[in-house]
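Data first, discussion second: the structure below is written as structure tokens.
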Amino acid sequence: LKRTKTILNYLLTIILTFRNVEIKDFENVEKKILKIVLEGKNNVHIVSDFDMTITKYWHNGRKSPSSHDIITKSSTVSDEYHKKCEALKAKYYPIEISPDLTDDEKYPYIVDWYKNANQAILDEKIHKDDITTMCRENSVVFRPGIKDVFQTCRDKEIPFLVFSAGVQNVIQESLVQSDLLYENMKVVSNTMSFNEETGICDKFVGQLYHVFNKNNFGLEGTEYEKKYKNRKNVIVCGDSLGDIKMADGAEHETCLSIGFLNLNKFKMLNKYMNTFDIVITDDGSFDLVNEILRLLN
Ligand code: C5P
Ligand code: MG
């Protein structure tokens, strides 16, 4: 009881201290965090989105690159490919982030975007080795505090699943180049497959993920499943409303969801607060998650 009280007091202090944190149902959040903390590091795992969650939204006054952008911006791709991707983005990205359309209204456009973008990647005949070069040339911008999150999860052996509608190969290579991919981690995303003889990307393998169908990470029967299988609590982090479904691929007793609201705060805050337990606005940091992880024994 004494420990519970200490934890509660501590939580209250930290949550109220952080800037950029919005919570609709404080009591519920307190209850969830307390359960996660008391049941400890062996009963929790993390599922997090990549683009604009693990990475920051703004960098030097501009939007930071997504995993798709790392390919688009590379010097190894043709001008034609570059222009095509920029045109697709100019057409579809405003739809993705529009505060005035419902997810159902956006859905067919997003599917079209991914169909076209993936076909463009195949048409470009990208070589396996180019992925390494692309990630060296343009790096993604990691959100403040995420490196500590990764390292704490590694040290406490908390499984960390990166579940993204970006490009698996780029995300994985970006993490490797920054020394941030550890044994306890797994990246599930759209995966380019390379011809064994030519080294050229000739197909995507596995499920196609876009921002609205991230509800099944499909890890049944894998080595990684053994890591999270008996863990009843999960922390979900994402920046798109669709990210709330990311942990639905497994059953949990408690799901603590954290939403990063990077854009359109005034129009979207209510929606985000009705969707996620905790909302971090204004491109804020992972500090709050770090504080929760620190409490886990
Ligand atoms: O990791 P996450 O699931 O957030 O990755 C999806 C993001 O990738 C979307 O928010 C979208 O804006 C971006 N994207 C992109 N280029 C594409 C497709 C998606 O930048 N061709
Ligand atoms: Mg995202």
**Fill in**
So residue 223 and residue 25, fully extended at 0.36 nm per residue minus their Cα-Cα distance, gain in nm 67.6 nm
**Request:** Would you list which aspartates and glutamates come within 20 Å of residue 32, measuring only between C-alpha atoms, while excluding same-chain residues fewer than 8 positions from it?
**Result:** 22, 243, 248, 251, 253, 277, 287, 291
**Request:** Enumerate lysine pairs in the range 73-153 that are 8 or more residues apart or on different chains, then count those whose Cα atoms are under 28 Å apart.
**Result:** 29
**Fill in**
Percent of all alpha-carbon pairs of the range 210-291 at distances over 17 Å, whole number, is 51
**Asked** Short version: ³J(HN,Hα) in whole Hz for each residue of the range 164-173, in order, from phi by Karplus 6.51 cos²θ - 1.76 cosθ + 1.60 (θ = phi - 60°), x for Gly and Pro, what are they?
**Response** 9, 8, x, 10, 4, 4, 6, 4, 4, 5
**Message:** For the range 48-101, place one equal point scatterer on every Cα, skip the solvent, and apply the Debye formula. What is log10 of I(q)/I(0) at q = 0.30, 0.31 Å⁻¹?
**Reply:** -1.19, -1.19
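All other residues with a Cβ under 10 Å from the Cβ of residue 44 taken together, and with Lys, Arg as +1 and Asp, Glu as -1, what is their net charge? Before the final figure, lay out the partial values.
Working: positive: 35, 41, 156, 231, 232; negative: 39.
My count for the surroundings of residue 44 gives +4.
222 nm [θ] for the chain, helices only, -39500 (n - 2.57) per DSSP H run of 4+, per residue, to 500? Could the numbers behind the result be given before it?
Details: 11 runs with 132 residues, N = 297.
Roughly -14000 deg cm²/dmol at 222 nm, from the helical runs in the chain.
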**Cα convex hull of the chain - mean projected area over all directions, nm²** = 15.4
**Calculated from backbone phi, Karplus (6.51, -1.76, 1.60) coupling profile of the range 200-214 in Hz, x at Gly/Pro** = 8, 5, 10, 6, 9, 10, x, 5, 8, 9, 10, 5, 10, 10, 8
**Request:** Normalise the Cα radius of gyration of the range 1-152 by 2.2 N^0.38 Å (N = residues in it) and let me know the number.
**Result:** 1.40
**Fill in**
With Rh as the Kirkwood radius over Cα pairs, the range 155-255 has Rg/Rh of 0.98
**Request:** Estimate the FRET efficiency between residue 105 and residue 195 by the formula 1/(1 + (r/R0)^6), using the beta-carbon distance for r and 41 Å for R0, to the nearest 0.05.
**Result:** 0.60
**Asked** How large is ³J(HN,Hα), in whole Hz, for each residue of the range 33-42 in order, when computed from phi with the Karplus curve 6.51 cos²θ - 1.76 cosθ + 1.60 and θ = phi - 60°, using x for Gly and Pro?
**Response** 5, 4, 4, 4, 5, 5, 7, x, 5, 7
**Summed residue charge, Cβ within 15 Å of residue 102's Cβ, Lys/Arg positive, Asp/Glu negative** = -2
**Message:** Below 12 angstrom from the Cβ of residue 219, what's the summed charge of the other residues (Lys, Arg +1; Asp, Glu -1)?
**Reply:** +1
**Item:** Per-selection metrics, the range 1-85 (Cα): Rg and Dmax in Å
**Value:** 20.6, 65
**Item:** P(r) histogram, all alpha-carbon pairs of the range 85-194 included - 10 Å bins from 0, percent
**Value:** 12, 35, 33, 20, 1
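All of the numbers you see were taken from the coordinates with simple rules; none came from a lab. These figures come from a predicted structure and were not determined experimentally. Note that each Cβ is placed from the backbone with ideal geometry, even for glycine, and that neighbours are counted across all protein chains shown.
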